[in-house]
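Chemist: Please see the structure below; I have some questions.
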Amino acid sequence: MGKRKNTGLSKSLVLKGMQCRKALWLKKNPPDFELPPRPELEARFAAGNAVGILAQQLFPGGTEVHFDGLPFSVQLARTKRLIDKGTNVIYEAAFSRGGVFVKVDILVRDGDSWQIYEVKMGSSVKAVNLDDVAIQYHVLSQYGLNISAAYLTHINNRYVRHGAIDVQQLFHSQDVTAEVLARQDQLPQLLDQLRDTLRGDDEPAIDIGPWCNDPFECDYIPYCWQHISEQSIFDLRGQGIDKFAHYRQGVIKLEDLPLDQLNPAQRFQAEATLLKQDTTDIPAIRAFVDSLWYPLCYLDFETFNTPIPPFDGSRPYQKIPFQYSLHIQQQPGMQPQHCEYLAVAHIDPRRELAEQLLAEIPADACVLTYNQAFEKGVLRELATLFPDLAEALQQRIDNVRDLMVPFKKRHIYRWQMAGSYSIKAVLPALVPELSYQGLSIADGQMAMVAYRQMCEEQDLLQLAEIRKDLLAYCGLDMLAMVRILEVLKGIE
């Protein structure tokens with residue numbers, strides 16, 4: 001007799017199976033395939049935990065059913081004891097019925113009934129959140145509890161912190177009982193289908209599709225997409241044609257695409273890639289270069305955001321600058337002077353950063369960025385926060401120019417850019433000897449994660465290493481801009 005399959009489900013496994021049954025099966029039967037690390041998920045998990053703990057203050061005085069390292073059976077027994085002895089508020093209550101295990105963020109007694117509060121760190125209610133609460137409702141009802149209401153508690157992104165966090169203002173609880181009830185009839189059949197999937201010996205024959213990224217980016221994309229080679233239909237930027245419709249018809253390679261069905265931008269990309277064709281509009285490039293002046297300052301910010309506003313005058317998910325790198329070139333051909341700022345952990349860096357930036361960027365300088373909307377947005381936020389600096393900051397904003405423009409407008413295009421005009425695509429195409437590869441921090445998301453690690457790190461050697469890595473990454477962004485502009489200047 002073969003080994004009995006484990007068909008036990010948790011709430012997260014049910015949600016994974018709702019997105020893709022193959023992903024559910026792979027979770028229980030890991031493939032012989034090395035999946036790349038995703039450190040951003042760990043950061044999101046930590047942020048979500050912090051939000052969940054803070055939301056407990058909406059109903060103070062409750063009792064938590066701890067789950068770290070504890071068997072499900074212990075958590076279930078503790079929850080039952082709390083209910084039986086009349087506890088009014090339970091955090092992380094544990095229930096299991098029909099082979100499905102769930103944890104309820106906040107369970108509140110309502111007379112002879114109970115209210116469910118599911119806490120999310122998003123700023124709105126999404127369909128997957130409703131599915132989440134519906135699964136909890138199903139299990140608790142099967143357990144025998146009468147549920148009077150179900151709420152989705154999410155972040156109010158208009159809240160501005162002043163002093164201690166006001167949890168009543170930070171969170172908004174939306175009654176989703178009607179939506180949750182509407183999902184109940186379909187759940188038993190769905191759960192049976194998921195159990196059938198787990199009983200199977202073979203990996204489900206489910207091909208790739210839009211569900212690979214909806215509602216979440218699946219962990220198994222690198223595994224399931226192995227058969228998609230470079231220069232495929234999925235490399236086309238933008239919406240345009242229905243890529244999966246063509247894929248299902250066997251059209252995968254760019255060379256097999258009917259070019260007349262593509263929008264102009266996608267056709268440009270496809271033809272340039274297939275023909276290895278470059279574009280150089282010399283007059284337009286010269287006009288852009290001539291629009292710059294000296295002193296010329298290359299500026300790049302790094303920011304972080306968090307659902308819980310960390311400082312007075314900050315909002316949930318507001319981009320807070322913690323670092324900048326600055327090259328100042330006084331005259332053409334002169335060696336740039338490098339300046340930089342990296343915040344000390346656990347302090348609001350914005351005033352100090354703004355003052356140092358204003359001291360280093362001459363009032364009449366041309367401020368060159370890559371994707372000016374980002375840098376201008378940061379500067380505008382600083383101007384709003386510090387009215388006494390607003391005029392000086394606005395002067396720098398008015399002098400911002402965008403190195404991305406000639407690439408976005410395709411005045412210069414190299415087929416290796418694959419339809420992208422991000423600096424990560426432009427740099428290797430124009431300056432192949434300069435690369436982000438090999439850096440411990442290679443993009444803005446990794447920089448944000450590193451800053452959060454820096455704020456938690458106690459080891460001084462590790463702290464110094466993180467700071468060194470952050471400075472190296474931001475500095476390379478600057479050097480990349482310098483070298484890209486040199487290429488533009490050298491085009492004849």
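The values are calculated or read from the model by the stated rules, or taken from the named source; none is laboratory data. This is a predicted model, so every value here is computed, not measured. When we count neighbours, we look across all protein chains shown, and the Cβ atoms used for this are built from the backbone with ideal geometry, even at glycine.
Chemist: Can you give me the number of residues within region 421-463 that are over 21 Å from residue 405 (Cα atoms) and either among the small types (Gly, Ala, Ser) or not assigned by TED's automatic domain parsing to the domain that holds residue 477 (or both)?
Modeler: 6
Chemist: Pairs under 8 Å by beta carbon, first residue closer than 30 Å to residue 168 by Cα and in the same structural domain as residue 107 (by TED's automatic domain parsing) in region 58-83, partner basic (Lys, Arg) and crowded, with 17+ Cβ neighbours inside 10 Å, six or more apart or different chains?
Modeler: 65/78; 65/103; 67/103; 75/103
Conditions (1) loosely packed, with under 14 Cβ neighbours inside 10 Å; (2) modelled with pLDDT under 95, marked per residue:
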site: 18; (1), (2): no, no
site: 26; (1), (2): no, no
site: 39; (1), (2): yes, yes
site: 43; (1), (2): no, yes
site: 47; (1), (2): no, yes
site: 56; (1), (2): no, no
site: 64; (1), (2): no, no
site: 68; (1), (2): yes, yes
site: 74; (1), (2): no, no
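Chemist: Just checking, how many residues over region 230-276 are surrounded by fewer than 14 Cβ atoms within 10 Å (Cβ to Cβ), under 18 Å from residue 408 (Cα atoms) and either modelled with pLDDT of 95 or more or of a type in the set (A, V, I, L, M) (or both)?
Modeler: 0
Chemist: For region 374-397, what are the residues that are within 22 Å of the chain's Cα centre (by Cα) and free of Cβ contacts under 8 Å to residues at least 12 places away in the same chain?
Modeler: none
Chemist: Out of all the residues in region 196-210, is one or more surrounded by 14 or more Cβ atoms within 10 Å (Cβ to Cβ) and of a type in the set (S, T, N, Q)?
Modeler: yes
Chemist: Another question, then. Just name the residue that is surrounded by the fewest Cβ atoms within 10 Å (Cβ to Cβ) out of those in region 424-433 that are under 26 Å from residue 37 (Cα atoms) and in contact with a helix residue (DSSP H, G or I) (Cβ under 6 Å, 6 or more places away or on another chain).
Modeler: Per the stated criteria, the residue is 425.
Chemist: Within region 460-473, is even one residue outside any helix (DSSP H, G or I), in contact (Cβ under 8 Å) with a residue 12 or more places away in the chain and not aliphatic (A, V, I, L, M)?
Modeler: Of region 460-473, the ones outside any helix (DSSP H, G or I) are none.
No, region 460-473 contains no residue that is outside any helix (DSSP H, G or I), in contact (Cβ under 8 Å) with a residue 12 or more places away in the chain and not aliphatic (A, V, I, L, M).
Chemist: Which residue is farthest from residue 320 (Cα to Cα), if the candidates are limited to region 468-484 and must be buried (at least 16 other Cβ atoms within 10 Å of the Cβ) and modelled with pLDDT of 85 or more?
Modeler: Per the stated criteria, the residue is 484.
Chemist: Please name all residue pairs, on different chains or six or more residues apart, with Cβ atoms under 7 Å, provided the first residue is in region 185-207 and is under 30 Å from residue 247 (Cα atoms) and assigned to a loop (DSSP other than H, G, I, E, B) and the second residue is among the hydroxyl-bearing types (Ser, Thr, Tyr) and at pLDDT 95 or above.
Modeler: 204/197
Chemist: Let me ask something else. Residues that are touching a His at 6+ places or on another chain (Cβ under 7 Å) and either surrounded by 22 or more Cβ atoms within 10 Å (Cβ to Cβ) or without any contact (Cβ under 8 Å) to a residue 12 or more places away in the chain (or both): does region 302-323 have at least one? Please lay out each step first, then the result.
Modeler: Filtering region 302-323 down to residues touching a His at 6+ places or on another chain (Cβ under 7 Å) leaves 312.
Subsequent filtering for residues that are either surrounded by 22 or more Cβ atoms within 10 Å (Cβ to Cβ) or without any contact (Cβ under 8 Å) to a residue 12 or more places away in the chain (or both) retains none.
Within region 302-323, none of the residues are touching a His at 6+ places or on another chain (Cβ under 7 Å) and either surrounded by 22 or more Cβ atoms within 10 Å (Cβ to Cβ) or without any contact (Cβ under 8 Å) to a residue 12 or more places away in the chain (or both).
Chemist: From the list 69, 98, exactly one residue is more than 23 Å from residue 182 (Cα to Cα) and either of a type in the set (Gly, Ala, Ser) or in contact with a Gly (Cβ under 6 Å, 6 or more places away or on another chain) (or both). Which is it?
Modeler: The match here is 69.
Chemist: Among the candidates 174, 184, single out the residue that is assigned by TED's automatic domain parsing to the domain that holds residue 30, surrounded by fewer than 17 Cβ atoms within 10 Å (Cβ to Cβ) and either among the β-branched types (Val, Ile, Thr) or over 30 Å from the mean Cα position of the chain (by Cα) (or both).
Modeler: Residue meeting the stated conditions: 184.
Chemist: Right, residue 81: more than 33 Å from the chain's Cα centre (by Cα) and outside any helix (DSSP H, G or I) or not?
Modeler: For residue 81, the condition - more than 33 Å from the chain's Cα centre (by Cα) and outside any helix (DSSP H, G or I) - is not met.
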